[in-house]
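J.: Below is one structure. I have some questions about it.
Only the coordinates and a few stated rules stand behind these numbers; no lab work does. Quantities reported herein were computed from a predicted structural model and do not represent experimental measurements. Cβ atoms come from the backbone with ideal geometry, glycine included; neighbour counts cover every protein chain shown.
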Amino acid sequence: MFMIDAEHFRSLLEDERDRILRQMESRRAEIASIEATLRDLHVDDQNPEGASTLFEISQETSLLAHQTELLGEINEALARITDGTYGNCLECRQPIPQDRLEARPWTGYCIDHAIRHRPRTPQH
């Protein structure tokens with residue numbers, strides 16, 4: 001069993017949280033700018049520029065939603081550091097390998113259980 005360097009991982013998580021918050025702020029400003037452009041275009045369904053602008057808003061909104069989800073995972077990981085459970089799988093309670101934590105410090109699951117908890121994409 002290895003000891004988790006909690007401060008190392010806290011620092012990684014806080015840096016990642018700050019980076020994501022900056023990106024989210026930028027993305028929100030971009031969405032607002034695109035929406036303003038869309039209003040100025042007086043688009044209709046037949047305007048190709050309007051369609052690409054709507055696609056751009058959809059893409060930015062989707063990325064923002066993903067970042068919001070990741071931010072939640074980071075905050076949960078920081079809470080686990082505080083309560084002393086960081087580094088153990090939420091499912092089996094076994095230690096998560098150090099290299100996995102280095103790659104994804106916000107993870108709450110070992111590889112085996114991460115597969116089970118991965119969000120499923122709808123099948124068309």
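J.: On a 0 to 90° scale, report how tilted helix 6-41 is relative to the longest principal axis of the chain, with both axes built from alpha carbons and the result rounded to the nearest 10.
T.: Roughly 10 degrees between the two axes.
J.: Shifting gears a bit: What order, most packed first, do the peptides 77-84, 58-65 have when packing is the mean number of other Cβ atoms within 10 Å of each residue?
T.: 77-84, 58-65
J.: Below 12 angstrom from the Cβ of LEU12, what's the summed charge of the other residues (Lys, Arg +1; Asp, Glu -1)?
T.: -3
J.: Also, quick follow-up: Relative to the longest principal axis of the chain, what angle (0 to 90°, nearest 10) does the C-alpha long axis of helix 48-83 take?
T.: 20 degrees
J.: At 20 °C and 1.002 mPa s, what whole-number value in µm²/s does Stokes-Einstein give for the translational diffusion of the chain, with Rh from the Kirkwood sum over Cα pairs?
T.: D, rounded to a whole number, is 127 µm²/s.
J.: Suppose R0 equals 25 Å; then what is the FRET efficiency for GLN59 and HIS117 from their Cβ-Cβ distance, rounded to the nearest 0.05?
T.: So the FRET efficiency works out to roughly 0.45.
J.: Per DSSP H run of n ≥ 4, the term is -39500 (n - 2.57); total these for the chain, divide by its residue number, and report the mean residue ellipticity at 222 nm rounded to 500 deg cm²/dmol.
T.: Value at 222 nm, helices only: -24000 deg cm²/dmol.
J.: Next up: If I take R0 = 25 Å and measure r between the Cβ atoms of ALA51 and ALA29 in this structure, what FRET efficiency does the formula 1/(1 + (r/R0)^6) give, to the nearest 0.05?
T.: Efficiency at R0 = 25 Å is approximately 0.65.
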